[in-house]
1. Taking 7 Å along the Cα-to-C-beta vector as the label spot, tell me the residue 18-residue 40 distance in nanometres, rounded to one decimal.
2. If the cut-off is 24 Å between C-alpha atoms, which lysines fall inside it for residue 3, apart from same-chain ones fewer than 8 positions away?
3. Which residue, 53, 159, 100, tops the fluctuation ranking in a GNM of the chain built on C-alpha contacts under 10 Å?
4. Under the rule of -39500 (n - 2.57) per DSSP H run of 4 or more residues, summed and divided by the residues of the chain, what mean residue ellipticity at 222 nm is obtained, to the nearest 500 deg cm²/dmol?
5. Around residue 95, which amide H atoms from residues at least 5 apart in sequence, or from another chain, sit under 5 Å from its own amide H, with H modelled in the peptide plane?
6. Could you size up the charge dipole of the chain around its Cα centre, putting +1 on the beta carbon of Lys and Arg and -1 on that of Asp and Glu, and report it in debye to the nearest 20?
7. Subtract the Cα-Cα distance of residue 110 and residue 71 from 0.36 nm times their separation in residues, and report this length gain in nm to one decimal.
8. Using the Karplus curve 6.51 cos²θ - 1.76 cosθ + 1.60 with θ = phi - 60°, work out ³J(HN,Hα) for each residue of region 95-103 in order, rounded to whole Hz, and write x for Gly and Pro.
Amino acid sequence: MRKIINSTYVSLDGVIANPQNWTSAYFQDEAAAYASELLFSCDAMVMGRATYDGFAEVWPAMEEATGDFGVRMNTIEHVVVSDTLDKPTWNNTTVVKRDDAVAEIGALKEREGQDILQYGFGPVTRTLIEGGLLDELRLWIHPVIVGTGDPSELLTQKDFAATFELAGTVSFKSGVLVATYVPAKK
């Protein structure tokens, strides 16, 4: 069975919002190779509406600058969980309604193919965790304190809890640590 892997950038103070503002200094050759290996080990991507809107806006114009990585981002199967997106503009996109997400993504997981990737941590991740669908959580811990005070920009929100077990770590010379967690056995 395919795995669903979440890959999220996080600061030391738990911020996940606007990573483009605080991660670029740490994204060197090691991180790029790791990110590329992860992307190319997957053939589908699951995301929420906010991630979709951001990615669909920038990635179609990024192929020249990012080469094969950009091509893969644009051609991989995109599954968007949204009750408001009617006409997706990004290539190879399927929209799944929130109420159908666990069943539809569960069916996607059962299909033949490579693993499934999810970037960022938000309501869709919570749905995956609560539905027993998330197999790995890879937190890219950056050695920076962003200092935001907005709870909506933090890793998780009020009234949500989950337990994980450490499955492995990778560290980069830049100081970034990728901690891989799996859901704790009940």
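Read-outs: derived from the displayed coordinates by stated rules, not from any lab. Quick caveat, the model's predicted, so the values are computed rather than measured. Positions of Cβ are backbone-derived with ideal geometry, glycine not excepted, and every protein chain shown enters the neighbour counts.
1. Simple spin-label model gives 3.4 nm for this pair.
2. Counting by Cα, and skipping residues close in sequence, residue 3 has these lysines nearby: 97, 109, 185, 186.
3. Checking each option, the largest mean-square fluctuation is seen for 159.
4. -8000 deg cm²/dmol
5. 80
6. 420
7. Stretched fully, the residue 110-residue 71 segment lengthens by 11.5 nm.
8. Going residue by residue, I get 9, 10, 6, 3, 5, 9, 4, 5, 5 Hz, with x marking Gly and Pro.
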